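**Q** Right, I'll just put the structure down here and ask away after.
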Amino acid sequence: MNRFLRQVFVILIAYPVVLAWLGVSVAHRKRLPKKGPGIIIANHNSHLDLLTLLTLFPLSMVDKVQPAAAADYFLKNRLLGWFATRVVGIIPVVRGGGDPLHNDPLAGCANALREGRILILFPEGTRGEPEKLSEFKSGLWYLCQQFPDVPVTPVFLHGLGRAMGKGQWIPVPFFIDVYVDEPIYCHSDKTTFITDLKQRFELLQNSALGRDV
């Protein structure tokens, strides 16, 4: 990833689209990690999810924040692959890459954490239906087992599914609400960990819906 190109990308694309065209309100911004290593997990309804998450950090930090993204989508041609890895700064993940204990598709994510970066993960694995939570994948748990002292911060994004959901290519100016939860740490039991995270997101979603009333 090129630090200069990443900052230009955030200044010229992320800030105008998210902050000027859409508008964002952030609850409990102070809960976000101030430095790495750290993991941010968020629900995934839109291509704008990543842009929104990047705007939550100071410009001086954005080169330390990297998202995991599907290799089969972002590396499907040379130009898109260059832009995704060098400018956006994704860590390519091979979906359905096998047993994480023996053929780890999240090896690049582990390296990023070892280098003290802040990792963005979407535990649903792919964009779901607008404003709906899908089941969480277990890859996050396997990654956290390697880094039990790294905080995991849940972030719920509300409104992006309407602003630019799956199948949309032009963002509609819906106001976005971002809810940041308290960081948690990995649990030795996979089911307990995944269930706890899903419940946290459901509570954050209820808060978002309550705010709409």
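**Q** Would you confirm, using the coordinates I've provided, whether Asp63 is charged (D, E, K, R), within 15 Å of the chain's Cα centre (by Cα) and either farther than 23 Å from Asp196 by Cβ or in a strand (DSSP E or B) (or both)? First the steps, then the outcome.
**A** Details: charged (D, E, K, R): yes; within 15 Å of the chain's Cα centre (by Cα): yes; either farther than 23 Å from Asp196 by Cβ or in a strand (DSSP E or B) (or both): yes.
Considered against the rule, which asks whether it is charged (D, E, K, R), within 15 Å of the chain's Cα centre (by Cα) and either farther than 23 Å from Asp196 by Cβ or in a strand (DSSP E or B) (or both), Asp63 comes out as yes.
**Q** List every residue pair whose Cβ atoms sit under 8 Å apart, with the two residues 6 or more apart in sequence or on different chains, where the first one lies in the stretch 131-158 and is among the charged types (D, E, K, R) and the second, anywhere, is crowded, with 21+ Cβ neighbours inside 10 Å.
**A** The qualifying pairs are Glu131/Asn45; Glu131/His158; Glu131/Gly159; Glu131/Gly161; Lys132/Asn45; Lys132/Gly161; Lys137/Pro123.
**Q** Could I ask something else about it? Can you tell me which residue is surrounded by the fewest Cβ atoms within 10 Å (Cβ to Cβ) among those in the stretch 182-199 that are in a loop (DSSP other than H, G, I, E, B) and touching an Asp or Glu at 6+ places or on another chain (Cβ under 8 Å)? Walk me through it before giving the result.
**A** Going residue by residue through the stretch 182-199, those that are in a loop (DSSP other than H, G, I, E, B) are 182-183, 185-189.
Filter once more, so that each one left must be touching an Asp or Glu at 6+ places or on another chain (Cβ under 8 Å): 185, 187.
Values: Tyr185: 12, His187: 17.
Checking each candidate, the answer is Tyr185.
**Q** For the stretch 51-95, how many residues are of a type in the set (Asp, Glu) and exposed (fewer than 14 other Cβ atoms within 10 Å of the Cβ)?
**A** We begin by selecting, within the stretch 51-95, every residue of a type in the set (Asp, Glu); these are 63, 72.
Those still in the list that are exposed (fewer than 14 other Cβ atoms within 10 Å of the Cβ) too: 72.
Looking only at that region, the number is 1.
**Q** Mind checking which pairs have a first residue in the stretch 13-33 that is closer than 16 Å to Leu51 by Cβ and touching a residue at least 24 places away in the same chain (Cβ under 8 Å) and a second that is part of a helix (DSSP H, G or I) and aromatic (Phe, Trp, Tyr), Cβ under 7 Å, 6 or more apart or different chains?
**A** Between residues of the stretch 13-33 that are closer than 16 Å to Leu51 by Cβ and touching a residue at least 24 places away in the same chain (Cβ under 8 Å) and residues that are part of a helix (DSSP H, G or I) and aromatic (Phe, Trp, Tyr), there is no close pair.
**Q** Looking at the stretch 16-28, which of its residues are touching a strand residue (DSSP E or B) at 6+ places or on another chain (Cβ under 6 Å) and loosely packed, with under 15 Cβ neighbours inside 10 Å?
**A** Once the filter is applied, which keeps residues that are touching a strand residue (DSSP E or B) at 6+ places or on another chain (Cβ under 6 Å) and loosely packed, with under 15 Cβ neighbours inside 10 Å, the stretch 16-28 yields Ser25, His28.
**Q** Return the pairs, sorted by first residue and then second, in which the second residue is among the polar types (S, T, N, Q) and not in a helix (DSSP H, G or I), the first residue lies in the stretch 183-209 and is in contact (Cβ under 8 Å) with a residue 12 or more places away in the chain and within 11 Å of Val155 (Cα to Cα), the beta carbons are less than 9 Å apart, and the residues are 6+ apart or on different chains.
**A** Pro183/Thr153; Phe201/Asn43; Leu204/Asn43; Gln205/Asn43
**Q** For the stretch 29-48, how many residues meet the condition of being among the small types (Gly, Ala, Ser), assigned to a loop (DSSP other than H, G, I, E, B) and closer than 19 Å to Val17 by Cβ?
**A** 1
Just so you know, all these numbers are worked out from the coordinates, no wet-lab data involved. Not measured: the values here are computed from a predicted model. Note that we place each Cβ from the backbone using ideal geometry, even for glycine, and neighbour counts take in every protein chain shown.
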